[in-house]
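What follows is one structure encoded as structure tokens, with my remarks underneath.
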Number of protein chains: 2
Amino acid sequence: MAAAQKDAPDKRRMILDAAVRVFARQGFHHCRVSDVADEAGVAYGLVYHYFNSKEEILNTLFLERWQIMLDAIGEIDARDLPSRDKLRSVAGFIIDSYRHDPDLMKVIIVEVTRAANSFGALHLAEIRKAYEGIAAIVEAAREEGSFKSGIPAEFAAMCFYGAIEQLLTGWIFEVLPRTDEDFERAKDLVVEAICGGLENGEHAVRASDPSSGVASRPAASG
Amino acid sequence: MAAAQKDAPDKRRMILDAAVRVFARQGFHHCRVSDVADEAGVAYGLVYHYFNSKEEILNTLFLERWQIMLDAIGEIDARDLPSRDKLRSVAGFIIDSYRHDPDLMKVIIVEVTRAANSFGALHLAEIRKAYEGIAAIVEAAREEGSFKSGIPAEFAAMCFYGAIEQLLTGWIFEVLPRTDEDFERAKDLVVEAICGGLENGEHAVRASDPSSGVASRPAASG
DNA sequence: CTGCAGATTGACTAGTCAGTCAATCGCTGG
DNA sequence: CCAGCGATTGACTGACTAGTCAATCTGCAG
């Protein structure tokens, strides 16, 4: 029993950690279960001793990490802080998650978060909770008047989360620099961009009437 | 030759259109080439008459559409408009692209844009051009002083594009409502959120207009 | 020492599917 | 009417791999 609780979780964890590396390197669909087993240094069959399928490994990885994020968002929301600082904390948490384990975040974003036909659909409810957690922060800000009432909280949450996920994607694809300084700066910049806006407050540039002829056509073909 | 330009492109186009539907419905990895052939109403082998591989179909779909978007962004940038209106046009174009052909945009976002290990990496340069096109608009705004100089144009472009892509993802996953009105409103809201920011300018407009239909998305869901 | 139970092994099976290819179709020009 | 050629067909193959399973190992309790 002591062995069962010392060795067994050990190998299981080794398999999960190996899977993160393999999935991140080759992609879930382009790797074999034997790649994971080899990376973990265990026999092929042992993977199926701990997991029922290849997919279950990915599910486990996602759920483990996502729950941590949901807990973090909930905890941040409960703090007594200005709304902007709460969003800054959320951005900081997600960015630090990437910094701490880029492979895992890569796998979650690439293989789950955007996989509308497989894992994404399966975990839709979980993914949604993250939006809702952020929306709760925005909603409180709207009610207290610090955020615009004209932008629905759920909509604002999507924009905010989307901006952050795009930054992670930029790092994953190596189109954005990845020094410690870049990560730290990004935390502040993304909050400034979304909460404060891109426009200069001083100039107070008024946009033209949105219903006017600012044409946008998707160039219909076929 | 008349036949070659009338019939041949016809079947080819039927295969491409069928592939969009099948890829969107089942996902690129979860469908068979025979599914595409069946959907198109052609024989299996004909797919390989027009395309060298299953992947080439996806590449073709992506490149066709992405080029249209790059052209649109370039054309919008060249217009004589305030920067905010340019970004409004870009957002409008992308959102209308989704509205016009949701399956195609779903495939592009789900199978290419976020597929860091396969197609995404292959088309990284193309994807990047979109960021750069948006960044050019932001950069002009910074130089003329209407946008904050403290937020790098490339960074702002990532946030802006990320917010839009997240909206599309929300529609794809059906977590956001998809009426015509929702699409139209989203165009203005995303620009207001990113350019104007979520925060209230100077004064909190607390109990100004609670009955207005602007903020009418109930957050009552559990 | 013995036997159980869970951990571990890796060869094997069963099924899948991308891509091939030889045959056939159908148009067009001679 | 035929020859030629691209378009079209769909059965077939070769390669791949997720998941199974019977054998083996290991630690421990009796």
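Read-outs throughout are calculated quantities, based only on the coordinates presented, and are distinct from any laboratory measurement. Just so we're clear, the structure is a prediction, and the values are computed from it rather than from any experiment. As a convention, Cβ positions derive from the backbone with ideal geometry for all residues, glycine included, and neighbour counts pool all protein chains shown.
Being farther than 24 Å from A:Ala186 by Cβ, surrounded by 18 or more Cβ atoms within 10 Å (Cβ to Cβ) and within 7 Å of chain A (Cβ to nearest Cβ) is true for just one of B:Phe173, B:Phe155, B:Phe147. Which residue is that?
B:Phe173
Considering each of A:Leu61, A:Leu16 in turn, give the residue that is in contact (Cβ under 8 Å) with a residue 40 or more places away in the chain and more than 16 Å from DNA strand C (Cβ to nearest atom).
Residue meeting the stated conditions: A:Leu61.
How do the pairs read when you match residues in the range B:36-48 that are more than 7 Å from DNA strand C (Cβ to nearest atom) with residues anywhere that are in a loop (DSSP other than H, G, I, E, B), using Cβ under 7 Å and keeping only pairs 6 or more apart or on different chains?
Pairs that qualify, where the first residue is more than 7 Å from DNA strand C (Cβ to nearest atom) and the partner is in a loop (DSSP other than H, G, I, E, B), are B:Ala37/B:Ala43.
With respect to A:Glu111, is the statement that it is charged (D, E, K, R), facing another protein chain (nearest Cβ under 7 Å), in a helix (DSSP H, G or I) and surrounded by 19 or more Cβ atoms within 10 Å (Cβ to Cβ) true?
No; evaluated as a whole, the condition is false for this residue.
Given the options A:Asp10, A:Asp71, name the one that is away from DNA strand C (no atom under 14 Å from the Cβ), out of contact with any helix residue (DSSP H, G or I) (no Cβ under 8 Å at 6 or more places or on another chain) and not basic (Lys, Arg).
It is A:Asp71.
Quick test of your reading of the structure: A:Gln26 fulfils all but one of (1) within 16 Å of DNA strand C (Cβ to nearest atom); (2) of a type in the set (S, T, N, Q); (3) within 14 Å of chain B (Cβ to nearest Cβ). Name the failing condition by number.
(1)
Give just the number: which of (1) assigned to a helix (DSSP H, G or I); (2) within 11 Å of DNA strand D (Cβ to nearest atom) does A:Arg25 not satisfy?
It fails just one condition, (2).
Within the set of pairs 6 or more residues apart or between chains, which connect a residue that is at the interface with chain A (Cβ under 7 Å from one of its Cβ atoms) and closer than 18 Å to B:Glu165 by Cβ inside the range B:77-94 to a residue that is of a type in the set (Val, Ile, Thr) and assigned to a loop (DSSP other than H, G, I, E, B) with Cβ atoms less than 9 Å apart?
Hits for this filter: B:Arg88/A:Val214; B:Ser89/A:Val214; B:Gly92/A:Val214.
I'd like to verify a number: residues in the range B:150-165 that are among the β-branched types (Val, Ile, Thr) and more than 26 Å from B:Leu176 (Cα to Cα), how many?
Residues meeting the conditions: 1.
Return the only residue of B:Ile15, B:Ile57 being over 18 Å from B:Ala115 (Cβ atoms) and either surrounded by 14 or more Cβ atoms within 10 Å (Cβ to Cβ) or within 16 Å of DNA strand D (Cβ to nearest atom) (or both).
Just one listed residue meets the conditions, B:Ile15.
With respect to A:Arg65, determine if the residue is within 25 Å of B:Trp171 (Cα to Cα) and charged (D, E, K, R).
The answer is yes for A:Arg65.
Which of the residues that make up the range B:116-133 are hydrophobic (A, V, I, L, M, F, W, C) and facing another protein chain (nearest Cβ under 7 Å)?
B:Ala116, B:Leu124
If we scan the range A:124-141, do we find a residue that is in contact with a Lys or Arg (Cβ under 6 Å, 6 or more places away or on another chain) and either among the aliphatic types (A, V, I, L, M) or surrounded by fewer than 16 Cβ atoms within 10 Å (Cβ to Cβ) (or both)?
Yes: one or more hits.
Among the listed residues B:Ala136, B:Ala193, B:Ala186, which satisfies the condition of being assigned to a helix (DSSP H, G or I), of a type in the set (Gly, Ala, Ser) and within 7 Å of another protein chain (Cβ to nearest Cβ)?
B:Ala193
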